[in-house]
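Okay, structure first, notes after.
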Amino acid sequence: MNLRHILRDTLSQVNINEKLVFLRESQFWNSEHQRKYQENKLQKVIKHAYDNVLYYNELFNSVRLKPYDIKQIEDLEKLPVLTKSIIKENFSSLLAKNHNNFKSQKRWTGGTTGEPLVYYSDKNSWEMHWALKYRAWEWAGYKFGDPIGIMGGASIIPDRKSGLKRKLWNQISNFYPLPSSNVNEQILFDYIKKIKQNKIKQNK
């Protein structure tokens with residue numbers, strides 16, 4: 001783990017590198033090992049949801065299911081799909097009663113299909129979210145610390161003014177945000193200039 005990894009994880013009080021090491025190893029598991037791991041995690045999530053999330057407790061009871069009825073990935077078909085409208089209508093009952101124990105944080109989608117959706121994610125899933133990004137970028141030849149241009153909407157690059165912590169994160173990671181909202185010809189020209197100045201590579 002290089003100094004940038006240490007600074008990034010220390011700044012945000014996370015352990016993304018630990019997750020990344022796991023992903024680098026687990027990507028070579030055979031299909032049977034992968035499935036066993038997935039189903040073990042699935043069963044734990046289902047039990048947690050039943051025991052701690054009012055919405056899912058009531059849902060399971062309404063369709064006469066118990067956590068042990070969901071053992072395999074295919075068993076998820078027994079549950080109705082969770083839609084954006086259901087989340088909005090049942091927001092408070094979808095929050096686990098012990099969510100603060102997992103250092104959950106409020107987040108939101110970019111709202112490209114309409115009004116942004118507010119949701120919570122825990123520390124572990126946020127770490128895994130970033131570790132998965134890094135591993136995917138590594139497949140394209142990226143090494144942590146390489147200059148990288150990040151183009152996206154508000155869910156990736158918040159519209160609100162960046163705080164010091166986010167600015168430090170970007171500097172440590174060598175990230176260059178390129179917001180895609182409200183772009184015009186001049187803004188795109190500026191992005192091209194920034195990409196060239198900071199020697200952001202184009203992988204082929």
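Odds and ends about this structure:
- The conditions of being surrounded by fewer than 13 Cβ atoms within 10 Å (Cβ to Cβ) and closer than 26 Å to LEU95 by Cβ are met by ASN40.
- Filter pass, LEU20 being more than 21 Å from the chain's Cα centre (by Cα) and either within 30 Å of PHE144 (Cβ to Cβ) or not basic (Lys, Arg) (or both): no
- For LEU132, the conditions (1) modelled with pLDDT under 95; (2) in contact with a helix residue (DSSP H, G or I) (Cβ under 9 Å, 6 or more places away or on another chain); (3) closer than 30 Å to PHE175 by Cβ all hold with the exception of (1).
- Where helices (runs of 4 or more DSSP H) sit wholly within segment 1-87, those with at least 1 residues that are touching a Lys or Arg at 6+ places or on another chain (Cβ under 9 Å) and of a type in the set (Phe, Trp, Tyr) occupy 31-52, 54-62.
- Flag for SER125 being at pLDDT below 85, polar (S, T, N, Q) and surrounded by fewer than 16 Cβ atoms within 10 Å (Cβ to Cβ): no
- For PHE102: the one exception among (1) without any contact (Cβ under 8 Å) to a residue 12 or more places away in the chain; (2) surrounded by 14 or more Cβ atoms within 10 Å (Cβ to Cβ); (3) within 26 Å of GLN34 (Cβ to Cβ): (1)
- Single residue of LYS103, LYS66 found to be among the charged types (D, E, K, R) and farther than 30 Å from GLY152 by Cα: LYS66
- Within segment 151-200, the set of residues being charged (D, E, K, R) and either over 27 Å from LEU3 (Cα atoms) or at pLDDT below 80 (or both) comprises ASP159, ARG160, LYS161, GLU185, ASP190, LYS193.
- Subset of segment 38-56 (residues that are aliphatic (A, V, I, L, M) and in contact (Cβ under 8 Å) with a residue 24 or more places away in the chain): LEU42, ILE46, ALA49, VAL53, LEU54
- Scanning segment 88-98 for residues being touching a helix residue (DSSP H, G or I) at 6+ places or on another chain (Cβ under 6 Å) and outside any helix (DSSP H, G or I) gives a total of 4.
- Residue match in segment 110-118 (condition: among the aliphatic types (A, V, I, L, M), surrounded by 15 or more Cβ atoms within 10 Å (Cβ to Cβ) and within 17 Å of the chain's Cα centre (by Cα)): yes
- Residue ID - surrounded by the most Cβ atoms within 10 Å (Cβ to Cβ), chosen from residues in segment 18-37 that are farther than 24 Å from LEU76 by Cα and without any contact (Cβ under 8 Å) to a residue 60 or more places away in the chain: VAL21
The values are calculated or read from the model by the stated rules, or taken from the named source; none is laboratory data. The structure presented is a predicted model; accordingly, all values stated were derived computationally and were not measured. Glycine also receives a Cβ, built like all others from the backbone with ideal geometry; neighbour counts cover every protein chain displayed.
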